[in-house]
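Each value in this text was obtained by applying a stated rule to the coordinates, not by laboratory testing. These figures come from a predicted structure and were not determined experimentally. Glycine also receives a Cβ, built like all others from the backbone with ideal geometry; neighbour counts cover every protein chain displayed.
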Amino acid sequence: MNDMDTDARTDAEPPARSERDLSNAADMIVCEEICKWYGDFQALEGVSATIKEQEVVVVLGPSGSGKSTWIRCINRLEQHQEGRIVVDGVELTNDLRNIEKVRSEVGMVFQQFNLFPHLKVRDNVSLAPIWVRKKPKAEAEEQAQALLELVGIPEQADKFPGQLSGGQQQRVAIARALAMEPKIMLFDEPTSALDPEMIKEVLDVMKNLALSGMTMMVVTHEMGFAKEVADRIIFMEEGQIVEVGTPEHFFTNPTEDRTKLFLSQILA
Amino acid sequence: MSEYGADTPTIGDVPRIVTPPVEPHLPPRQWLAKNLFPSKLNTLLTIVASLVILAIVRGLLGFIFNPIRQWNATAVNLRLMMTHAYPADQYVRVWVSVAVFLVLTSLSLVVWRVGFRILLRKLAKQVIAGGVFGLLVSVLAPFSTNATLIWLAVSAGVLAIGLGLLRAPEEATISSLTLVVGASSLAAASLWLIPYGRHSFVPDRTPRILAEPGTVAITTKLPWTIMLVIAVATYAVGRMLRDRIPTKQAQTVLLLTWFLAPLALIYLVLRDPDFDMAHVVSTDIPIFLVFAALGSATLFWLTRPDTGEIGRVIAMVILFLGFGSFLTPMRMVIRILLILLAMFSLAAPTFSGDRQTRRRYATTWTVVTLFLCWLITAINTPSTVDVPGEFFMGGFSLTLLVAFFTLIISFPLGVVLALARTSTMPVFRLLATTFIEFVRGIPLITILIFFSVMVPLFLPDGMDLPELTAVTIGYALFASAYLAENVRGGLQSVTRGQHEAAEAVGMTTSQKTVFIVLPQALRVAIPPLVGQVIATFKETSLLYIIGLYDLLFVAKALVPNQTEFMGSTRENLLFVSVIYWIIAYNLSKASQRLERRVGLGER
């Protein structure tokens, strides 16, 4: 967790996101023509994209466009039926070992937090490192405390999730995902279930995470976050990728009519 | 400091405390008008209900206090009802068991900090109500003049105490435990003063199994007084030590003791096993040592995080050895330990970790092995207690015994069945579903008769299953099917999000089940599970039908057939119902406490 140390982060201002050159970075997630059906309904219609190391990708689109389905396919919470997904060199197939390997390298943050209600906040964070990563308990708890400090709620470690506010719960969920020391973080509408005054505290944590060099894929409706933090924006509709580009391109000069319509609706 | 004032008010900045408006305290007449006679219809209902209640109470009192009732039958035969034919000269063993139970209860009261303060004025109202009820009984019951006078005097005394308490200072309280001790002391003292169950009959007409002449009070007053002293003393000692012992560990140790104590009491104290030390040293101890040493070493190695596939192969080999051992003649304990070791090995990857975790896993294995070896040895050792009849326990103790074993077998089995039924693997699902639906479709009594009559016939030569064991297995299978359905309800209440969150951090299916799903599912399932426990406890009375000497059998079939107490069935049945009710009611209360306690984490 050294690369996410709080002090180191504030010193040097990194270059603006869109100016970074990631062309030489390794491929972290490769999706090729993924298709996914729920019964007769096709949720994904041939989605292809490559996400580089340290890249922050924000996925936008109207509801029902397949954003969440796509992101959930990447750690196999949903199973794609056609196409290939390769995460950090490991292809997702029916092989359980590959799935476990990918899941321990990919952190996921859910819209509904999904904290474990019967465990204290500290145990929520340290449970997986102890039993999945096989860390000694003392070390895992120390790490949990450090992560809770990182997300700004070290004093809540001994409470139960039900005693925290939504924003605090979501930050615990981020700490829980980070405790596995993932190479990639997936965010599935992390602020959609929060009261407006709590959205900022979660977005700030995510921003810092992005600045520390984490590879991130974020499904969100927060346009401010997308503008400020994203390296690339992917716009989806009806299970297809409609447009891909830098935030600058996307918000000022989109090429597709559908994108323009979407922007005019949400920015109106 | 929070926005709305801190927890501790500071000088000069005293937070305004807003309390809800207090309901005005109504004088009795207005209270009656408001709650019982607010409208014409309600007045009518109140009057009708009062008359019905009065009639019921009068009927009940008339039954209980009718001079022709043979309450002596119950009192004189208490020993028969509690322990059936347990030899009287060995009775100290029974009292030791009761003492152990009381010590455990006292320590649990200390460790779980049970007990609360009751306002004396509140208590006064209940005492007054008791006094009024006593007066009512004195008037309604068909007493002789003499008895009526005694009842009136006692009730008036109680009423006076209540009225006296009403003048206590407003804030004065008393501990609920003090009240319990006070009531128990009164009960114990009454044993010395009142000759309960006085009965004399012609000795030569008495069958051997009958209680001896005399009174219950004579034989039990000293033991009960000692029991009371032990309980109170344990509580006092526990109170003194409480703050020096870590609560969490103490609770774990106590829970384990609660589970182990009945086994130790049955097989060491009550049954008085006649251990053949030569055999124990030459066979039983070596078997334990070999399994403990080899098993811990294997498990310590298997739980290394980097063991990998070879671990599963080894576990499967042990499993095949375990099942294979049934093909050749061998000690049953070896077969059981082999299969258990295979289960531990299969679960090893789930619980792998650092040195400390691995050592704990190996230690768990050693403790379980020790326990099993001891239990199997104890079960196989003949008893020195000489009793007429097949089994050394009977009456209420048999009821408790069957209920206890049924529950400790059926609980794990029920959880496993529920997991299998919700599993993604079709074979497990099919087997579990078939078993559950099959068992639930058969009346319990059919299962019991099957196990008591048929199963012994099906057993291979040389294998011997006592009827009681067979019947307990039948009970356990039946209860496990119902428990499984209750647990399944709990499993379904765990949201999909919880599964996904556990999967997303890379947990395997078994880790997810053990750490995330089961704790939440069992918590939700507490009310139906306790309901099933109560049902199981009461269903032990079906032992009566297959002719085992449980509490109901003694009360219904033995006592009313004694020459002195012909036709005392109704008295005995009422007494038995009260015993069942007390226990079931307390279980239900305990479940409510448990619900509140585990609900703490969830807001």
Hey, with R₀ at 60 Å, roughly what FRET efficiency would A:D204 and B:W301 work out to, going by the Cβ-Cβ distance, to 0.05? 0.80
Over all distinct alpha-carbon pairs, what is the Kirkwood Rh of segment B:35-111 in angstrom? 17.6
Go ahead and estimate [θ] at 222 nm for chain B from helices alone: -39,500 (n - 2.57) per DSSP H run with n ≥ 4, summed, over the residue count, rounded to 500. -21500 deg cm²/dmol
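Jot down the per residue volume, in cubic angstrom and as a whole number, of the convex hull over the alpha-carbon atoms of chain B.
Enclosed volume per residue, from the Cα hull, is 258 Å³.
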Using 1/(1 + (r/R0)^6) with R0 = 60 angstrom and r between the beta carbons of A:S264 and B:T433, what's the FRET efficiency to the nearest 0.05? 0.60
With unit charges on the beta carbons (Lys and Arg positive, Asp and Glu negative) and the dipole taken about the Cα centre of segment B:87-274, which residue among B:L104, B:L193, B:P246 sits farthest to the positive side? B:P246
Given labels modelled 7 Å from the Cα in the Cβ direction, how far is it in nm from A:K227 to B:V455? 7.5
So for the pair B:I226, B:T247, with labels modelled 7 Å out along Cα→Cβ, what separation do we get in nm? 3.5
Within segment A:52-69, list the residues whose amide N lies under 20 Å from a label point set 7 Å along Cα→Cβ of A:S23. A:52-57
What value in Å³ per residue do you get for the convex hull of the alpha-carbon atoms in the protein assembly as shown? 263
Kindly put B:K125, A:K120 in sequence by how many other C-beta atoms sit within 10 Å of each C-beta, fewest to most. B:K125, A:K120
Roughly how many nanometres apart are two label points built 7 Å out from the Cα toward the Cβ at B:L44 and A:E256? 7.5
Quick check: residue separation of B:F101 and B:I150 times 0.36 nm, minus the Cα distance between them. What number comes out in nm? 14.0 nm
Segment B:322-388 to segment B:107-160: how many Å between their Cα centroids? 53
Length gained if B:T424 through B:L294 is fully extended, taking 0.36 nm per residue and subtracting the Cα-Cα distance, is 43.4 nm
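What share of Cα pairs, in percent, lie more than 30 angstrom apart in segment B:87-274?
Here the long-distance tail beyond 30 Å is 43 percent of all Cα pairs in segment B:87-274.
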Projected onto the charge dipole of the protein assembly as shown (+1 at Lys/Arg Cβ, -1 at Asp/Glu Cβ, origin at the Cα centre), which of B:G130, B:L477, B:S176 gives the Cα projection farthest towards the positive end? B:G130
If you filter segment B:389-434 for chymotrypsin sites (Phe, Trp or Tyr not before Pro), then keep DSSP loop positions with at most 13 other Cβ within 10 Å, what is left? none
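Quote to one decimal, in nm, the extra length available between B:Y585 and B:I334 on full extension: 0.36 nm per residue of separation minus the C-alpha distance between them.
86.1 nm
Take the cross-link list B:K512/B:K589; A:K227/A:K260; A:K135/A:K183; A:K101/A:K135; B:K125/B:K589; A:K137/B:K248 and give me the ones stretching past 21 Å between alpha-carbons. If you can, show how the numbers build up before the last one.
On the way: B:K512/B:K589 32 Å; A:K227/A:K260 16 Å; A:K135/A:K183 18 Å; A:K101/A:K135 16 Å; B:K125/B:K589 23 Å; A:K137/B:K248 18 Å.
Too far apart for the 21 Å limit: B:K512/B:K589; B:K125/B:K589.
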Calculate the translational D of segment B:263-394 in whole µm² s⁻¹ from Stokes-Einstein, where the hydrodynamic radius comes from the Kirkwood formula applied to all Cα pairs, the temperature is 10 °C and the viscosity 1.306 mPa s. 97
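Just how large is the dipole of chain B about the Cα centre, in debye to the nearest 20, putting +1 at every Lys and Arg Cβ and -1 at every Asp and Glu Cβ?
Taking the Cα centre of chain B as origin, the dipole is about 1620 debye.
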Point-charge dipole on Cβ atoms (K/R +1, D/E -1) for the protein assembly as shown, about Cα centre, debye to 20: 4120
From the convex hull of the Cα coordinates of chain A, what is the mean projected area in square nanometres? 14.8
Grab the beta carbon distance between B:S510 and B:V92, set R0 = 35 Å, and tell me the FRET efficiency rounded to 0.05. 0.15
